[in-house]
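Enquirer: Mind looking over this structure? Questions follow.
Readers should treat all values here as calculations from the given coordinates under stated rules, not as data from a laboratory. Just so it is clear, the model here is predicted, and its values are computed rather than measured. We place every Cβ from the backbone using ideal geometry, glycine too, and count neighbours over all the protein chains shown.
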Amino acid sequence: MATYTSTSPWHTTPKTENRYLDILNIRPVPSADDDILYTVQPQYAYRPDLLAYDLYGSKDLWWVFAQRNMDLLKDPINDLLPGVKIYLPKGPDLSQLLGV
């Protein structure tokens, strides 16, 4: 059975009696006064994993952008286009939220 780390979007999703994952328990990334308004650069188009790696040191945190910007990124890959402005949580705030 898989175990999901604290940085995984599935970390808080319970498992069923058959050991399958239940319905996704969304991990909210709330807004903060010190969030950074970032304009997506061309090298990150369609690549939230690269942006997550460059900002937070982990490609696995790609889902944070979708959760923090749910009104802008309906599709976390195809909506991440050059020129789109998204909010980014600061690294320490994100670490505290994820418990790492």
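Enquirer: Restricting attention to the stretch 58-100, which residues are free of Cβ contacts under 8 Å to residues at least 12 places away in the same chain and more than 13 Å from the chain's Cα centre (by Cα)?
Expert: Asp71, Asp79, Pro92, Gln96
Enquirer: Sticking with this one: Note down all Cβ pairs under 8 Å where the first residue falls in the stretch 36-54 and is β-branched (Val, Ile, Thr), the second is buried (at least 17 other Cβ atoms within 10 Å of the Cβ) and in a helix (DSSP H, G or I), and they're at least six residues apart or on different chains.
Expert: Correct list of pairs: Val40/Leu51.
Enquirer: Could you list, in sequence order, the residues of the stretch 1-29 that are under 17 Å from Asp75 (Cα atoms) and in contact (Cβ under 8 Å) with a residue 40 or more places away in the chain?
Expert: Pro9, Ile26, Arg27, Val29 - these are the residues of the stretch 1-29 that are under 17 Å from Asp75 (Cα atoms) and in contact (Cβ under 8 Å) with a residue 40 or more places away in the chain.
Enquirer: Given the conditions (1) touching a residue at least 24 places away in the same chain (Cβ under 8 Å); (2) surrounded by fewer than 10 Cβ atoms within 10 Å (Cβ to Cβ), which single one is not true for Ala32?
Expert: For Ala32, the exception is condition (2).
Enquirer: To continue, here is another question. Just to check your reading of the model, which residue among Asp54, Asp49 is surrounded by 15 or more Cβ atoms within 10 Å (Cβ to Cβ), assigned to a helix (DSSP H, G or I), of a type in the set (Asp, Glu) and under 14 Å from the mean Cα position of the chain (by Cα)?
Expert: Asp49
Enquirer: What is the residue count in the stretch 17-29 for residues that are surrounded by 17 or more Cβ atoms within 10 Å (Cβ to Cβ) and more than 13 Å from the chain's Cα centre (by Cα)?
Expert: Final tally of qualifying residues: 0.
Enquirer: Continuing with the same structure: For the stretch 57-100, give me each residue that is within 15 Å of Ser8 (Cα to Cα), surrounded by 15 or more Cβ atoms within 10 Å (Cβ to Cβ) and among the aliphatic types (A, V, I, L, M).
Expert: Passing the criteria: Leu61, Val64, Ala66, Leu94, Leu97, Leu98.
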